[in-house]
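Inspection log for the structure reproduced underneath, given as structure tokens.
The values are calculated or read from the model by the stated rules, or taken from the named source; none is laboratory data. If you're wondering where the values come from, they're calculated on a predicted model, not measured in any experiment. Positions of Cβ are backbone-derived with ideal geometry, glycine not excepted, and every protein chain shown enters the neighbour counts.
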Amino acid sequence: MPAASVFTLPRRARLLPALIARHRDDGFLTPASVEAVARELGIPAAEAWEAARSSHEFRFDAPAGERACAGIACALHPGYRQPELPAGCLFRCYAPPASGDEQPFPAEMVREAGPLLGPTDRTWAGLERARRIGPAAVLDAIEEAGLRGRGGAYFPTARKWRAALRHGTPIALVMNAEEGEPGVFKDRALLCLRPERVVEGLAIAMEALKPAVTIAFINGEADPAAEAFELALADSPIAGQVLLYRGAGGYVLGEETALLNAIEGRRAVPRPRPPLPVDSGLFGMPTVVNNVETLAAVAVILREGAAAFRALGAPEAPGTRILSLSGRVERPGVYEVPLGTPLAEVLDRAGAPAQERAAVLCGGPSGGFLPGGLAAQPVLPGRYHPTGAMLGAGGIVVLEAPGDIRRAALTMAAFNAEQSCGKCTPCREGTPLLLEALGGNPADLAEDLLDAIQLASLCGLGQMATGPVRSALAFWPEVFS
């Protein structure tokens, strides 16, 4: 890794890269290998082991064979067989069933492209403009464009940047490309096919925020995406100024503070809030965490102007959104559409007409199900239905039959139970109970249990884990009887 430009990370920040290196060399981690890394870094062995155990992608014994996907799109495929070595979702939902190592995202799976996924001239015009107008004007342009974060929470990007800057102290900037939600593969598409656009957005953020340290954190299994990003970075004006980290923590690293803990060499679990990362994040610094798609949109805004960005999308949510479509569709892949586009129109174009879709899963394990006839909502932030369905990170899975719905609901419940970091009791104990009841007698699902998980869990994984269960039982109780 190149040296940080201003801020030198403490020694323990080398723990995750060191563990990943051992894991890649040996195929798994042992107590001896973890303890050896701990000695090298001067970290207590118990803390190193705790950090390793919190990373869902690490194995702790020799692999027994080739891993196969256990995600929804693969499970729905006629040729699917329950894998002996399940690997969660392998994020090749556009070409099920998937197994083995990750492959580069195929260009033909970009079904509809807009300013984010469309061709680029491979110049740095947006960055050059940012340097010409200065940090304050860059922030004004992002604010005028109305850009909201594209990680799933949709917080206004300019407001987040200003919140970190108001402290007047060194800032950390982190690009979150962990993308661990089943059925979502749009960040992989951007990094594989348009890495220069993402790098330019990151460079513009660096120009506006003047961070003491900048980190690009990429999913540990997304090797093709990481390689494409590294090549683009090496050929960019910010070459040598960005620390590259690979993840191993799974879904929970979509939560900002769990991601920061992983970088710090600590257990990859969410932190209590407050403080927010913009107030005290990486090693106590005000920290901005931005999603890959958010940074690509930043590049588009500085290249084409705020007015052009606002010309696409809805007044309350300008710009485009990249949707990941899979399941029972003729043309799975990524669709970049203006925000506000009716979801039903996108599904029709993808080859999932209304008369053939029984249900649509929106928002993955943090979202919920909609009957096919209710899929007319516009593609906008916020909940589509009180039971849980929402846009989230843009993952859309189409289902055709009652059996699809049951299998998808059980898959989401199993995923949430397996991915729980275990830090808080409501999520640790509650998500397995959801799975057990859903697979047995749903009548055992007391409303107070659902409320306890939703209201008392520490982070979004637990707080939103009830969505698929509530929505499935609300619309199709007979499927689980």
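Considering only residues of the range 230-260 that are among the β-branched types (V, I, T) and surrounded by 21 or more Cβ atoms within 10 Å (Cβ to Cβ), which is farthest from V288 (Cα to Cα)? Can you show your working first?
Residues of the range 230-260 that are among the β-branched types (V, I, T), as a first pass: 238, 242, 252, 257.
From what's left, surrounded by 21 or more Cβ atoms within 10 Å (Cβ to Cβ): 242, 252, 257.
Values: V242: 14, V252: 18, T257: 11 Å.
So the residue we want is V252.
Return the pair list, or none, for Cβ contacts closer than 8 Å from residues in the range 103-131 that are under 16 Å from D187 (Cβ atoms) to residues that are at pLDDT 95 or above and among the basic types (K, R), at least 6 apart or on different chains.
F105/R188; L116/R194; L116/R197; L117/R194
For the range 402-421: of the residues being of a type in the set (A, V, I, L, M, F, W, C) and either touching a strand residue (DSSP E or B) at 6+ places or on another chain (Cβ under 8 Å) or not in a helix (DSSP H, G or I) (or both), which is surrounded by the fewest Cβ atoms within 10 Å (Cβ to Cβ)?
Result: I405.
Only one of A145, A137, A164 is at pLDDT 95 or above, farther than 23 Å from G284 by Cβ, among the aliphatic types (A, V, I, L, M) and in contact with a strand residue (DSSP E or B) (Cβ under 8 Å, 6 or more places away or on another chain); which? Full working, then the answer.
Numbers: A137 fails: in contact with a strand residue (DSSP E or B) (Cβ under 8 Å, 6 or more places away or on another chain); A164 fails: farther than 23 Å from G284 by Cβ.
Exactly one of A145, A137, A164 is at pLDDT 95 or above, farther than 23 Å from G284 by Cβ, among the aliphatic types (A, V, I, L, M) and in contact with a strand residue (DSSP E or B) (Cβ under 8 Å, 6 or more places away or on another chain), namely A145.
Identify, please: which residue in the range 286-329 is in the same structural domain as R166 (by TED's automatic domain parsing) and acidic (D, E) and is, among those, farthest from P195 (Cα to Cα)?
Only one residue fits best here, namely E304.
Looking at this structure, is L202 in the same structural domain as E255 (by TED's automatic domain parsing), touching a helix residue (DSSP H, G or I) at 6+ places or on another chain (Cβ under 6 Å), closer than 13 Å to N176 by Cβ and not β-branched (V, I, T)? Quick ask: steps written out before the conclusion?
On the way: in the same structural domain as E255 (by TED's automatic domain parsing): yes; touching a helix residue (DSSP H, G or I) at 6+ places or on another chain (Cβ under 6 Å): yes; closer than 13 Å to N176 by Cβ: yes; not β-branched (V, I, T): yes.
Spelling it out, L202 is indeed in the same structural domain as E255 (by TED's automatic domain parsing), touching a helix residue (DSSP H, G or I) at 6+ places or on another chain (Cβ under 6 Å), closer than 13 Å to N176 by Cβ and not β-branched (V, I, T).
Among the residues of the range 28-55, what is the count of those that are surrounded by fewer than 20 Cβ atoms within 10 Å (Cβ to Cβ), assigned to a loop (DSSP other than H, G, I, E, B) and under 25 Å from the mean Cα position of the chain (by Cα)?
Within the range 28-55, residues that are surrounded by fewer than 20 Cβ atoms within 10 Å (Cβ to Cβ), assigned to a loop (DSSP other than H, G, I, E, B) and under 25 Å from the mean Cα position of the chain (by Cα) number 1.
Looking at the range 374-401, which of its residues are at pLDDT below 85 and under 19 Å from R470 (Cβ atoms)?
L374, A375, G382, R383, Y384, H385, P386, T387, G388, A389
How many residues are part of a loop (DSSP other than H, G, I, E, B) and at pLDDT below 85 if we restrict to the range 439-481?
Residues in the range 439-481 being part of a loop (DSSP other than H, G, I, E, B) and at pLDDT below 85: 5 in total.
Just the residues that are out of contact with any Gly (no Cβ under 8 Å at 6 or more places or on another chain) and of a type in the set (K, R), please, taken from the range 151-193.
Those that are out of contact with any Gly (no Cβ under 8 Å at 6 or more places or on another chain) and of a type in the set (K, R): R159, R162, R166, R188.
If you scan the range 37-61, which residues turn out to be within 15 Å of R246 (Cα to Cα) and among the hydrophobic types (A, V, I, L, M, F, W, C)?
Hits for the range 37-61 are A51, A52, F58.
Taking into account only those residues within the range 425-434 that are surrounded by 20 or more Cβ atoms within 10 Å (Cβ to Cβ) and among the hydrophobic types (A, V, I, L, M, F, W, C), which is farthest from G460 (Cα to Cα)?
Going through the qualifying residues, I end up with L434.
Please work out if L253 is part of a helix (DSSP H, G or I), in contact with a Phe, Trp or Tyr (Cβ under 9 Å, 6 or more places away or on another chain) and either at pLDDT 95 or above or not small (G, A, S) (or both).
When the stated conditions are applied, L253 passes them.
Using the structure shown, decide if Q419 is in contact (Cβ under 8 Å) with a residue 60 or more places away in the chain and among the polar types (S, T, N, Q).
Details: in contact (Cβ under 8 Å) with a residue 60 or more places away in the chain: yes; among the polar types (S, T, N, Q): yes.
Criteria met by Q419.
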